[in-house]
1. Evaluate the charge dipole of the chain about its Cα centre and quote only its size in Debye, nearest 20, assuming +1 on the Cβ of each Lys and Arg and -1 on the Cβ of each Asp and Glu.
2. Work through the residues other than Ile85 whose Cβ is under 10 Å from its Cβ and net out their charges, Lys, Arg +1 and Asp, Glu -1.
3. Taking the range 42-114, how much of its Cα-Cα pair set, in percent, is spaced more than 14 angstrom apart?
4. To the nearest 10 degrees, how steep is helix 121-131 against the longest Cα principal axis of the chain, on a 0 to 90 scale?
5. Per residue of the chain, what 222 nm ellipticity follows from adding -39500 (n - 2.57) for every DSSP H run with n ≥ 4, rounded to the nearest 500?
6. Of Ala66, Ala176, Ala56, which is the most mobile in a GNM of the chain whose springs link Cα atoms less than 10 angstrom apart?
7. What is the sum of charges, Lys and Arg at +1 and Asp and Glu at -1, for the other residues whose Cβ falls under 11 Å from the Cβ of Thr100?
8. So what does Glu205 come to for accessible area, using a 1.4 Å probe and Å² rounded to 10?
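The values are calculated or read from the model by the stated rules, or taken from the named source; none is laboratory data. Quick caveat, the model's predicted, so the values are computed rather than measured. Heads up, the Cβs are rebuilt from the backbone with ideal geometry, glycines too, and the neighbour counts pull from every protein chain shown. Accessible surface areas use protein heavy atoms only, side chains included; no ligands, DNA or RNA. Shrake-Rupley method; radii C 1.70, N 1.55, O 1.52, S 1.80 Å.
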Amino acid sequence: MPAVTRHSACPEPVEGSLVTGVILAGGQGRRMGGVDKGLQPLRGRPMVAWVIERFAPQVDEVLINANQNLERYSALGHRVIPDEIRGYAGPLAGLHRGLTEAAHELVATVPCDSPFLPRDLVARLRSALERNAAEIAVARTGNQPHPVFCLCRRSVLPGLAAFLAGGGRKIDAWYANLKVIEVAFDDNPDAFSNVNTQTELEAFEDRPLP
């Protein structure tokens, strides 16, 4: 399903707008034993450093959403923004803070635990967003959407704030009422592999870089 439209308003054009990139590193890493996943070493570097290397060239500003080890994240050279919503409320809380702090009208997000993300992620999401006058573009492989890999307009912030205030936490439930375009990345499905456990992290040590 390439596009899902559930909103009648036509978003304003964004051609020429700059993009803020938000790296989502605010989780507790429960499946990895309660460690900060973004700071776990992969081939001698923090995993988030691999994400920054691929993501930063695609955007005009990088923000790191983190809720612990703030000084260590700050040492990577980008502004760190903790959730405003307490209690590790999930990736939507990180997106909410990112939209609040973004300097630009378009905001892209990626997780801190996908070190091999596509190098053309933002360009392809943006092309689809603009071509379809959508409010949010979401990466997809096969029939599986990857909503933490998204590009959205900053204008979605009020609705997101209301959703979170009402106790909502699931990304797909939030954007169900937005004009969404899903963008196929079937040519590079492995780029969306993420690291949830120490075993997976060890496997990535020897994995060829896509």
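1. 380 debye
2. Values: positive: Arg86, Arg97, Arg169; negative: Asp83, Glu84.
Spelling it out: positives minus negatives among the neighbours equals +1.
3. Distances greater than 14 Å cover 60 percent of the Cα pairs.
4. Compared with the principal axis, the helix lies near 10 degrees.
5. Numbers: 7 runs with 57 residues, N = 210.
For the chain, the value works out to -7500 deg cm²/dmol.
6. Ala176
7. -1
8. Per-residue accessible area (Glu205): approximately 70 Å².
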